[in-house]
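Novice: Handing you a structure now.
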Amino acid sequence: MQKQEEVYNENGGEQPHKVGTVVVKCDGCGANMVFNPDFQKLYCPHCGSLKDLKDAGIADERSLESGFNLDCNYKEDEGAVVFRCTNCGASVVINDGKAATVCPFCGTAHVQKTDEMAGLKPNGLIPFSFGVEKAIEFSKAWAKKRLFAPRKFKKNINSENVNGIYTPCFTFDSYTVSHYEGKIGKTHTRTVGSGKNRRTETYVEWRHISGTFYDNFDDILVTAGSKFDQKKLDKITPYDTNASKKYEKKYMLGYMAYKYDAELTDCWDYAKGKMDKLIEKGILSQYVYDRVAYLNVSTTHERVTFKYVMLPVYVGNYNYNKNVYNFYVNGNTGKVWGKTPKSPLKIAIAVLLGIAVVAGIIALAAYAYLS
């Protein structure tokens, strides 16, 4: 079955044509429009025309049970094409009818169209708030602070190796009721003995604790993709997921989307693990202690909801000595994190300078001692 192209007109009507994926035609010249984050409008690269986007509203929370049951509101995204990189295995989704020519993660051209479905349809999206040139500025400012990064790396951050991509994430809300019991202790000192036997000893005053702890978690954020794992996501957060818009493909025109490869159940388990740690921290914050013998917590989750949200990330890739180094830019805040190659020459110079400084200190100390 061929997928349908949805052509959006100024009057809001839709004309289905069996030609491909979602595109928006420019009213002036008929070229395909893309989303321009600097204007927060659709932009025609051919004639420069702009078109307003109707505010889709805030993304709705959905019951976790509906996600597990894959109800009619949580189904495969039929209007997209999946491309897979044969080099690193990343799968990306294209929504504007063009082909993916370069993998945003490894930078190679080994990208092929596949027959796999785009997968579950998101219900939320945070649009990019700035374009690739601004992302490059943020990246270069970050790279300048990497002391041992090669000069070539800092100079060669450009539009060819920085790509905007929407990455899939789940957010979870949960009201929790936790029953707990444990044993905690506080270290004290006291003076004992007299005369020559007078001394200070340390002892721990233990106490048993128990009770019920209530908490209300809002938008615990969990990545749904292994190429952009939780560690990487946490490094460039925060994202204001409470302000995420209802999923609208027009915001994705001109951008790729990274296809999720984690199941909702697994992401929920991870979110519960994060909540467990925060619950334990909240329980212990009620007490004065410096030692924990044990703490047993039993938690019930109520009124659990989730959103499947696409987050904006600029992914940079740099090849150095046959290794690929990735860096990531938060598409809303400009926060950057990543790994950089290290220049052997810069490291050698730093080591020699360190040795020289130590030698200088020793020489000064010896001179002062002999004077």
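Novice: Which condition number in (1) of a type in the set (A, V, I, L, M); (2) within 29 Å of Ser63 (Cβ to Cβ); (3) outside the structural domain of Arg84 (by TED's automatic domain parsing) is the one that Val204 fails?
Specialist: (2)
Novice: Next up: How many residues are under 36 Å from the mean Cα position of the chain (by Cα) and under 21 Å from Gly185 (Cβ atoms) when one looks only at region 195-219?
Specialist: Residues in region 195-219 being under 36 Å from the mean Cα position of the chain (by Cα) and under 21 Å from Gly185 (Cβ atoms): 2 in total.
Novice: Which residue is farthest from Arg303 (Cα to Cα), if the candidates are limited to region 255-271 and must be in contact (Cβ under 8 Å) with a residue 24 or more places away in the chain and surrounded by fewer than 20 Cβ atoms within 10 Å (Cβ to Cβ)?
Specialist: Per the stated criteria, the residue is Asp261.
Novice: Sticking with this one: Does region 1-18 contain any residue that is modelled with pLDDT under 85 and among the small types (Gly, Ala, Ser)?
Specialist: Yes, there is a match, as at least one residue in region 1-18 is modelled with pLDDT under 85 and among the small types (Gly, Ala, Ser).
Novice: Hey, another quick one. When you look at Asp234, is it touching a residue at least 24 places away in the same chain (Cβ under 8 Å) and closer than 27 Å to Trp268 by Cα, yes or no?
Specialist: It is false that Asp234 is touching a residue at least 24 places away in the same chain (Cβ under 8 Å) and closer than 27 Å to Trp268 by Cα.
Novice: Of all residues being under 22 Å from Lys274 (Cβ atoms) and touching a Lys or Arg at 6+ places or on another chain (Cβ under 8 Å) in region 175-229, which is surrounded by the fewest Cβ atoms within 10 Å (Cβ to Cβ)? Just the residue, please.
Specialist: Applying the filter and picking the extreme gives Tyr175.
Novice: Name the residues in region 54-65 that are closer than 20 Å to Lys245 by Cβ and either at pLDDT below 80 or not charged (D, E, K, R) (or both), would you?
Specialist: Ala56, Gly57, Ile58, Ala59
The values are calculated or read from the model by the stated rules, or taken from the named source; none is laboratory data. As the structure is a prediction and not an experimental result, all values here were calculated from the model. Neighbour counts are summed over all protein chains in view; Cβ atoms, including those assigned to glycine, are modelled from backbone coordinates with ideal geometry.
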